[in-house]
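This report concerns only the one structure given below.
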Amino acid sequence: MSGPRFRFAPSPTGFFHVGGARTALWNWALAHNQGGTFVLRIEDTDEERNRPEWTQGIIDALAWIGIGADDPCFEGPYFQSHYAEAHVAAAHQLYEQGNAYYCDMTPAEVEARNKIEGNQGYQGWSRNLSLGPGPGRVLRFKVPAGSTTVHDLVRGEVVFDNALIEDFVLLRSNGNPMFLLANVVDDVNMRISHVVRAEEHLPNAPKQQMIWDALGHQPPVWAHVPVLVNEARKKLSKRRDKVALEQYRDEGYLPDAMVNYLMTLGWTPKGDSEIAPWSEMERDFRLEDVNHSPAFFDLKKLAAFNGDHIRMLSTIDFYEACKPWLFGPNAPFPRSGFDEAMFLAMAPHIQPRCVTLADAAGVVDFLFQPEPVVDEASWTKVMGAAEAAPMLAGAIAAYTALTAWAAEPLKQALEAVGEANGLKLGKAQAPVRVAVTGRTVGPPLFEALEVLGRDETLRRMRAAEARL
Ligand code: GLU
């Protein structure tokens, strides 16, 4: 396939970071709207920090946000560890060409010499020693004089003074390639045309551009995208913040909501609202429109997006999306107690109240429990009041006599009982709600009673009456 080639190159060293997910989505959108390709490359060369389960975690998390092999624009995954030979060959090419040289100074020697000379970094001491390869020697890139200009679609032209860039290491003393080199060689060999990645890599860009040049290839278009920060405007960190995409998935965030929210971190959809479908964001996303400043990863806003996206689901899709929590190991009712028709009837009333998909099970649990789980504090407060007994007795009589078992007549009947007891509907319905649901808060009561049915509603009200 022709067209621009984007890539996403995560290192499998932990859970999949939301910042990585945003970078992946931006690359994904660009690959689509420019008729290009999205290459997934797993940078798994750090043997001490990589674990295979993290690699699978990345692939699964990407699939969850819609990025995967079932799309024609997807290519990979490639694994950096498979290309070690190419990395070393490129290093040798640079050495043969005179762009790199061997150096036998250990980090301790570099440090000691700098202490004496009052300097920092590596001062090119072995540049002209003409050392060949050998044990204990690293291969360093010979940084040319002058300056390096990185043309960055987000940051503009960024000029680096080469005098401030040390002769960086390409091959370690054990012969293993460094990240900078491996990353460029893979990008070259995978014919990457656009490197869109986190801002923290901007200082690598001039060094990498020098390697591109030295290898005789046209450097890619660069774009370094702003970091995500928390409420305290600190960069999101694993230790401080909830950064794992997997965790949001497991807590009941919809992939559509997550994708929509992540896309807006540093970019604004073109339509009237930030709540936008993927098709529009994919079509409209441009790096030129990306904000330069750090983007606030706002959990409250994410929750609001999730609620909005939950409300946009059809009843059936909402039910499907809730299933892991309705039938999972933490479901608050036995599977045998669940009734699909009852859930579907209740769904339109609970959907607007859910912030996460996990919420739904806890809102409708009383419908499917053999006995409602009573919140004792609510019981004491509501059932301890003088009006509880007459209200329950009156409601039982009215509901036994009711001809049409539907929300509206159920409400009117209870209103009448309340009036007879000098109570407004809000107060009048409290004992009925606690008797039937076990709590004082929950979904619209009369709709719930309609769904629960006359027999079970009356049985629960009588049981509560007996307990008074
Ligand atoms: N493997 C690098 C990382 O996860 C990505 C480097 C790049 O995108 O060029 O930070």
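Every number in this text was worked out from the coordinates using simple rules, so none of it is lab data. All values derive from a computational prediction rather than experimental measurement. All Cβ positions, glycine included, derive from the backbone under ideal geometry; neighbour counts span all protein chains shown.
Here are some notes:
- Environment charge of residue 293, counting only residues whose C-beta is closer than 11 Å and scoring Lys/Arg +1, Asp/Glu -1: 0
- Sequence ranges 287-293, 32-38, ranked by mean other-Cβ count within 10 angstrom, highest first: 32-38, 287-293
- Relative packing of peptides 278-284, 249-255 - highest average C-beta neighbours within 10 Å first: 249-255, 278-284
- Between the C-alpha center of region 217-244 and that of region 111-159 there is a gap of 26 Å.
- Those residues of region 443-467 whose amide nitrogen sits under 20 Å from the label point placed on residue 421, 7 Å along Cα→Cβ: 443-450, 454-467
- 14 Å reach of a label modelled at residue 377, 7 Å along Cα-to-Cβ, counting backbone N of region 412-447: 439-441
- The chain: calculated mean residue ellipticity at 222 nm from DSSP helix runs of at least 4, using -39500 (n - 2.57): -14500 deg cm²/dmol
- Of 115/235; 234/301; 381/424; 115/238; 300/427, pairs whose Cα-Cα distance is over 23 Å: 115/235; 115/238; 300/427
- A simple charge model with +1 on the Cβ of Lys and Arg, -1 on the Cβ of Asp and Glu and nothing else charged puts the dipole of region 26-83 at about 160 debye relative to its Cα centre.
- Per-peptide average of other Cβ atoms within 10 Å, ordering 389-395, 241-247 highest first: 389-395, 241-247
- Net charge, residue 34 excluded, C-beta distance under 13 Å - Lys, Arg +1, Asp, Glu -1: 0
- Residue-wise HN-Hα coupling along region 144-153, computed from phi with Karplus coefficients 6.51, -1.76, 1.60 (Hz; x: Gly, Pro): x, 6, x, 9, 10, 9, 9, 8, 10, 5
- Put in line by how crowded their Cβ is, counting other Cβ atoms within 10 Å and starting with the fewest, 193, 237 read 237, 193.
- Beta bridge orientation in the chain: antiparallel %, DSSP, nearest 5: 45
- Magnitude of the charge dipole for the chain, about its Cα centre and with charges confined to Cβ atoms of Lys, Arg (+1) and Asp, Glu (-1), is about 840 debye.
- Multiplying the residue separation of residue 97 and residue 119 by 0.36 nm and removing their Cα-Cα distance gives an extension gain of 5.0 nm.
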